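Data first, discussion second: the structure below is written as structure tokens.
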Amino acid sequence: MLDIKITKTTAPKAKPADESKLGFGKLFSDHMFLMDYTDGEGWHDARIVPYAPFELDPACVVFHYAQEIFEGMKAYRTADNTIQLFRPDCNAQRMQDSSDRLCIPQIPVEDFVQAVKALVEVDKDWVPHTDGASLYIRPFVIASDIGLGVHASKHYIFCIICAPSGAYYAEGINPVRIYVEDEYIRAAPGLTGFTKCGGNYAASIKAGELAEQQGFAQVLWLDGVEKKYVEEVGSMNIMFKIDGKVYTAACTGTVLPGVTRRSCIELLKDWGYEVIEGKLAIADVMKAGHEGRLEEVFGTGTAAVVSPVKELDWKGDKVFISDGKIGPVTQKLYDTMTGMQWGKLPDTKGWIVPVCKG
Ligand SMILES: *Cc1c(COP(=O)(O)O)cnc(C)c1O
């Protein structure tokens, strides 16, 4: 149990007047959670304080060597004003796995969940009321040693900030065009693909920008060794329904183990679908597409829940999926997941963790 000291702001900001204009990650709530790590002492000084800029030395390790990890999750408001989280223990566990790879000291799962809950409760009025809108929660750890030597830092800061964010599909679910990336890679065996570290994102921006310039929403990443097997789409996991079966890349080090991915797999299996976690060649995906056997393609992630794909372009070859519409299984996953998250459907899986009444 953390002993969290709470200092509330004396100058609360005005809540957004129009929740439909929130967008994503642009506005932040009144408070943030902080905890420090010092070698020899461990994690200490858990506290919730008014949201404010950091003052950091320009020689701080994180600025130079990117020793940093983060998480992404949401708090949802139900119709009866319960504020709730979705599988926060999964995020806590994944941050431990990221920590281990980046040589960052781990935070116990129960302390992580306690910190998130405490901050969400303090800022509960910042959880939006609009259908589909939520409070996006961004926990992160940065290395805060001062000095340019390359080594694991002896000091860290764990911080959690919250951003009230609008509905991802404010204008309805629009299937997207995806560029199959044939030059750049996101991950390779032995690297950090399975972690949520800022460095992975820094290295992926260029491919995303180039794809966007050509009118694509995102890139589909292939494996980093042979550029032959499908791995992820943008910053989401990806699933393919071919001949009635659902295929997705296995989490063997190069794929980020998404909480949404894992939840979708569990639901699909409950519904009787065969789910195959393994290698799926892009050539076989394109072939299935041309033969009319590629039934649905969708990304999965916390922000969108599911993101249907209507077109894949690989080396000039194109396939079109589900007549440009969201497929029935994609839709059912979306309805079931969002139904539980916003409390419109019963939580039959034990995935919902209530925080407080809002
Ligand atoms: C966060 C993330 C995902 C999705 O994970 P969720 O836990 O479902 O939000 C997928 N791929 C990458 C690269 C990510 O960073």
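The values are calculated or read from the model by the stated rules, or taken from the named source; none is laboratory data. In this text the structure is predicted, and so the values were computed from the model without any measurement. Please note: Cβ atoms are built from the backbone with ideal geometry, for glycine as well, and neighbour counts cover all protein chains shown.
What to note about this one:
- For region 149-160, the criterion of a residue being in contact with a helix residue (DSSP H, G or I) (Cβ under 6 Å, 6 or more places away or on another chain), within 27 Å of SER99 (Cα to Cα), among the basic types (Lys, Arg) and surrounded by 14 or more Cβ atoms within 10 Å (Cβ to Cβ) is satisfied by no position.
- From the list LEU294, LEU280, the one residue that fits, being more than 16 Å from the ligand (Cβ to nearest atom), of a type in the set (A, V, I, L, M, F, W, C) and within 25 Å of the chain's Cα centre (by Cα), is LEU280.
- Checking VAL141 against (1) within 16 Å of the ligand (Cβ to nearest atom); (2) of a type in the set (A, V, I, L, M); (3) surrounded by fewer than 18 Cβ atoms within 10 Å (Cβ to Cβ); (4) farther than 30 Å from GLY343 by Cβ, the condition it does not meet: (3)
- Looking only at region 212-267, residues that are over 19 Å from the mean Cα position of the chain (by Cα) and either more than 20 Å from VAL329 (Cβ to Cβ) or surrounded by fewer than 16 Cβ atoms within 10 Å (Cβ to Cβ) (or both) come to 16 in all.
- Residue match in region 59-79 (condition: β-branched (Val, Ile, Thr), closer than 24 Å to ILE352 by Cβ, touching a helix residue (DSSP H, G or I) at 6+ places or on another chain (Cβ under 6 Å) and modelled with pLDDT of 95 or more): no
- Some residue of region 335-348 being assigned to a helix (DSSP H, G or I) and over 21 Å from the mean Cα position of the chain (by Cα): no
- Hits in region 112-132 - residues which are assigned to a helix (DSSP H, G or I) and either closer than 12 Å to HIS31 by Cα or out of contact with any helix residue (DSSP H, G or I) (no Cβ under 8 Å at 6 or more places or on another chain) (or both): GLN114, ALA115, VAL116, ALA118, LEU119, VAL120, GLU121, VAL122, LYS124, ASP125, TRP126
- Within region 74-90, the set of residues being among the hydrophobic types (A, V, I, L, M, F, W, C), near the ligand (Cβ under 10 Å from one of its atoms) and surrounded by fewer than 22 Cβ atoms within 10 Å (Cβ to Cβ) comprises just one member, CYS90.
- Subset tally (residues that are crowded, with 18+ Cβ neighbours inside 10 Å and closer than 28 Å to TYR169 by Cα) for region 283-302: 12
- Flag for ILE185 being assigned by TED's automatic domain parsing to the domain that holds HIS44 and either in a loop (DSSP other than H, G, I, E, B) or touching a residue at least 60 places away in the same chain (Cβ under 8 Å) (or both): no
- Within region 183-198, if we keep just the residues that are among the charged types (D, E, K, R) and buried (at least 18 other Cβ atoms within 10 Å of the Cβ), the residue that is nearest to the ligand (Cβ to nearest atom) turns out to be LYS196.
Yes/no per residue for (1) out of contact with any Gly (no Cβ under 8 Å at 6 or more places or on another chain); (2) of a type in the set (D, E, K, R); (3) away from the ligand (no atom under 13 Å from the Cβ):
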{"position": "LEU210", "(1), (2), (3)": "yes, no, yes"}
{"position": "LYS228", "(1), (2), (3)": "yes, yes, yes"}
{"position": "ASN237", "(1), (2), (3)": "no, no, no"}
{"position": "CYS251", "(1), (2), (3)": "yes, no, no"}
{"position": "GLY258", "(1), (2), (3)": "no, no, no"}
{"position": "CYS264", "(1), (2), (3)": "yes, no, no"}
